[in-house]
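Undergrad: Below is one structure. I have some questions about it.
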Amino acid sequence: AQSVTQLDSQVPVFEEAPVELRCNYSSSVSVYLFWYVQYPNQGLQLLLKYLSGSTLVESINGFEAEFNKSQTSFHLRKPSVHISDTAEYFCAVSDGPCGNKLVFGAGTILRVKS
Amino acid sequence: AAGVIQSPRHLIKEKRETATLKCYPIPRHDTVYWYQQGPGQDPQFLISFYEKMQSDKGSIPDRFSAQQFSDYHSELNMSSLELGDSALYFCASSEGGTDIQYFGAGTRLSVL
């Protein structure tokens, strides 16, 4: 069964500083990776995804993640964070790109301080 | 754009009572997923439906049942509620053959 490990439960960072949220997954023949963001009292929103192709994927709000097969990692990065990025971030994996359940990591709370 | 609608947003029940959670997927989405997120926990997959048929089953207790109706909305029925059932229940939907699950805002169930 697929599993996801998010190594940091909380990451405090100052505004405009860079940040990396770490995610490792259990190895599988095929793997599809996602990052979701959850703002307080809200649902989960898809931030970005990796299905195939380029190993570097980007979101519209400046986040990016790189799929590294040899290290079984899919770390999320942003070069300069804003206060509004404060939220909980979940890394997730599925066995296939379509119609398959998501297995989530434990989540990382990103706290951006001014 | 229309999103996934869940009702109710909040629900308070007592032990051994029953609860019904509803999920209305995005129009034209034929796949529905249910997840349970306990306090401070990651979401755990419960069950999913594709074209009104159960497509996958996760860690859903026998006390729970779910179905997808002809209009594609789904209901999660929970009986003999226990304190440990207190959680945020998410519904997600996707269009068959696509990879993105869109999540609703969730139903927060509190069992007293």
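Undergrad: Identify all residues within region B:16-35 that are of a type in the set (Val, Ile, Thr), within 11 Å of the chain's Cα centre (by Cα) and open to solvent by 20 Å² or more (accessible area, probe 1.4 Å); write none if there are none.
TA: Here is the first cut: in region B:16-35, the residues of a type in the set (Val, Ile, Thr) are B:18, B:20, B:26, B:31-32.
When the remaining residues are screened for being within 11 Å of the chain's Cα centre (by Cα), the result is B:20, B:32.
Once the filter is applied, which keeps residues that are of a type in the set (Val, Ile, Thr), within 11 Å of the chain's Cα centre (by Cα) and open to solvent by 20 Å² or more (accessible area, probe 1.4 Å), region B:16-35 yields only B:Thr20.
Undergrad: Filter region B:36-86 down to residues that are among the hydrophobic types (A, V, I, L, M, F, W, C) and open to solvent by 30 Å² or more (accessible area, probe 1.4 Å) and give me whichever is farthest from B:Lys13 (Cα to Cα). Even if it seems obvious, please write down each step before you answer.
TA: From region B:36-86, those among the hydrophobic types (A, V, I, L, M, F, W, C) are B:45-47, B:49, B:53, B:60, B:64, B:66, B:69, B:76, B:78, B:81, B:83; that's our starting set.
Then drop every residue that is not open to solvent by 30 Å² or more (accessible area, probe 1.4 Å), which leaves B:53, B:69, B:83.
Values: B:Met53: 29, B:Phe69: 25, B:Leu83: 10 Å.
Among residues in region B:36-86 that are among the hydrophobic types (A, V, I, L, M, F, W, C) and open to solvent by 30 Å² or more (accessible area, probe 1.4 Å), the one farthest from B:Lys13 (Cα to Cα) is B:Met53.
Undergrad: Something else now. For the condition part of a loop (DSSP other than H, G, I, E, B) and either out of contact with any Ser or Thr (no Cβ under 8 Å at 6 or more places or on another chain) or not polar (S, T, N, Q) (or both), what is the one hit in B:Ala2, B:Ala66, B:Ala92?
TA: Working: B:Ala66 fails: part of a loop (DSSP other than H, G, I, E, B); B:Ala92 fails: part of a loop (DSSP other than H, G, I, E, B).
After ruling out the rest, the residue left standing is B:Ala2.
Undergrad: Six or more apart or on different chains, Cβ atoms under 6 Å: show the pairs whose first residue is in region B:25-38 and at negative phi and whose second is assigned to a strand (DSSP E or B) and among the aromatic types (Phe, Trp, Tyr).
TA: Close Cβ pairs (under 6 Å, with a partner that is assigned to a strand (DSSP E or B) and among the aromatic types (Phe, Trp, Tyr)) amount to B:Ile26/B:Tyr102; B:Thr31/B:Tyr50; B:Val32/B:Phe49; B:Tyr35/B:Phe45; B:Tyr35/B:Phe90; B:Gln36/B:Tyr89.
Undergrad: Please work out which one of (1) open to solvent by 40 Å² or more (accessible area, probe 1.4 Å); (2) away from chain B (no Cβ under 14 Å); (3) not charged (D, E, K, R) is the condition A:Phe74 fails and give its number.
TA: Looking at each condition in turn, A:Phe74 falls short on (1).
Undergrad: Sticking with this one: Go through region B:10-35 and count every residue that is within 11 Å of chain A (Cβ to nearest Cβ) and either at pLDDT 95 or above or part of a strand (DSSP E or B) (or both).
TA: Count: 6.
Undergrad: Tally up the residues in region A:64-80 that are part of a strand (DSSP E or B), touching a strand residue (DSSP E or B) at 6+ places or on another chain (Cβ under 7 Å) and not basic (Lys, Arg), please. Break it down into steps so the answer makes sense when it comes.
TA: Restricting attention to region A:64-80, the residues satisfying the condition of being part of a strand (DSSP E or B) are A:64-68, A:73-78.
With the extra rule that they be touching a strand residue (DSSP E or B) at 6+ places or on another chain (Cβ under 7 Å), the set shrinks to A:64-67, A:73-78.
Checking the rest, the ones that are also not basic (Lys, Arg) come to A:64-67, A:73-76.
The number of residues fulfilling the criteria is 8.
The values are calculated or read from the model by the stated rules, or taken from the named source; none is laboratory data. Just so it is clear, the structure is predicted and the values come from calculations on it, not from any experiment. Positions of Cβ are backbone-derived with ideal geometry, glycine not excepted, and every protein chain shown enters the neighbour counts. The accessibility values were calculated without ligands, DNA or RNA, using every heavy atom of the protein model including side chains. Shrake-Rupley method; radii C 1.70, N 1.55, O 1.52, S 1.80 Å.
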